[in-house]
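Only one structure is covered here, and it is reproduced in the block below.
The values are calculated or read from the model by the stated rules, or taken from the named source; none is laboratory data. Keep in mind that this is a model prediction, so the values were computed, not measured. Cβ coordinates were reconstructed from backbone atoms using ideal geometry, including for glycine residues, and neighbour counts include every protein chain displayed. Only protein heavy atoms, including side chains, enter the accessible area calculation; ligands, DNA and RNA are left aside. Shrake-Rupley method; radii C 1.70, N 1.55, O 1.52, S 1.80 Å.
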Amino acid sequence: MNVQGWKKILLIILSFISIFGLFILFIIPDHFSKILISHSSLSPSFSSLSLVDEADQQPTVSRKITSSLGKIEAGLAKSRALIIKKSGANRTVDDHDEDYVPSGSVYWNPDLFHRSYLVMEKELKIYVYEEGNLPVFHDAPCDGILGMEGIFINDMEISRFRTRDPDEAHLFFLPFSIVSIVHYVFERETRLWSDMKNTVIDYVNVIAEKYPYWNRSRGADHFMLACHDWGPEISSAIPTLYKNSIRALCNANTSEGFNLTRDVSIPEIYLPHGTTKGLLGGPSPSKRTTLVFFSGGVHGYIREVLLDHWENKTEDGVKIQKYLSKGEDYYEEVRKSKYCICASGWEVASPRMVEALYMGCVPVLIKDHYAKPFNDILDWRKFSIDIGLENIPNLKTILMRISQRKYIRLQRNGVQVQKHFVINLPPKRYDVFHMILHSIWLRRLNTRIHDPHQP
């Protein structure tokens with residue numbers, strides 16, 4: 001065997017040792033590391049996670065990198081190495097941050113999150129396809145229960161992460177709005193979905209024929225965002241979009257195809273007037289007189305069980321009912337309560353979870369198959385309570401057993417993470433827009449796309 005052949009064998013062995021060593025080092029300590037270094041299995045186009053040489057921060061590849069994708073993948077390999085490098089004398093990420101430094105138990109690994117966020121701010125570039133006309137593309141309503149969809153699309157249009165050069169993009173955004181498709185395309189008389197699905201199919205066909213990027217990665221470096229409950233089903237019209245692309249969804253139901261390692265759960269946020277004005281803040285724990293609160297219609301089996309057992313019960317501290325009495329205000333009831341029930345309706349997503357965090361009430365999540373937003377970063381056990389359907393009859397007992405000390409800790413932690421769920425116009429660092437992008441950034445970091453033009 002010639003010298004070149006031996007070099008290739010040695011390179012393979014060294015790469016395996018590097019990957020295996022980092023796997024052992026990072027897979028055990030925390031949730032975030034698992035997402036960052038796990039291997040992609042989306043399609044045969046993807047190879048295992050690439051790393052970089054710690055000595056000179058150059059890609060551990062022997063061939064010359066000539067294509068745009070090759071340069072992108074080399075840059076992502078360098079970013080991964082910078083993020084997972086332990087703190088110490090050789091640290092290469094500047095952690096100085098005048099705005100915010102993540103800390104505390106609400107994060108699985110605050111240092112790792114901080115480094116990843118800073119690298120994202122420095123490196124991430126997203127290409128937004130310009131094809132598509134209003135009102136179905138590039139726009140959507142920014143108020144109401146589905147306003148997150150329009151807000152993100154509009155923010156993405158003017159974002160500093162947007163690049164006009166697709167050859168330097170790490171990610172490609174498909175700027176269609178499911179809310180708008182439902183409003184303008186759905187045939188309410190026939191109740192057929194075919195026109196809505198064909199709208200998405202046609203759009204992807206257009207960009208796939210006009211640009212090389214979709215076919216190059218089979219959609220794996222592309223993402224869509226939808227807050228409408230029908231987003232997952234409409235995305236299934238294109239198998240590569242459904243199986244390969246990153247889908248940022250409010251309706252993050254793992255029993256309906258949501259993939260925890262590829263898709264991104266985003267919070268459903270109700271903005272009555274298009275902004276968070278009047279929604280943020282609440283009294284201290286000592287001034288909250290109601291133990292647990294819920295008010296809402298019978299939407300889905302979980303709420304049916306909840307209301308069947310607890311509606312209008314006279315037990316002290318429990319206020320669970322379909323509708324409030326005349327003169328009562330929903331948000332004021334949230335602010336008076338220690339715990340707020342966030343039960344699934346017809347689908348798993350609900351704005352009640354974020355409303356509780358906005359107003360200082362500890363969320364009590366009663367949901368099946370729900371992937372919580374930003375769960376790669378945030379440890380939801382530190383600021384919320386999970387209760388299974390079977391424990392609804394024991395709701396009061398479970399909450400009463402939580403000590404005052406633990407309740408105060410949960411409440412304060414909820415106030416701490418509030419910043420990550422706040423909508424700012426324009427966006428601010430670490431807010432919900434940037435947290436969504438960070439979750440998408442993590443998925444892209446975790447995907448190695450093979451360049452078909454490279455050997």
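Remarks
- Solvent-accessible area, 1.4 Å probe, carbon plus sulfur percent, for region 373-430: 48
- Per-pair calculated FRET efficiency, R0 = 41 Å: residue 346 and residue 130 via Cβ, rounded to 0.05: 0.70
- Take region 343-455 with all the other protein chains still there, run a 1.4 Å probe, and you get 37 Å² of accessible area per residue.
- Label point distance in nm, residue 157-residue 201, each placed 7 Å from Cα along Cα→Cβ: 2.8
- Å² per residue, accessible surface of region 152-195 at 1.4 Å: 48
- Rolling a 1.4 angstrom probe over region 258-310 with all protein chains present gives an accessible area of which 55% lies on carbon and sulfur atoms.
- Between region 155-232 and region 239-281, the Cα center-to-center distance that results, in Å: 15
- Long-range amide H partners of residue 342 with built H, under 5 Å: 364, 365, 366
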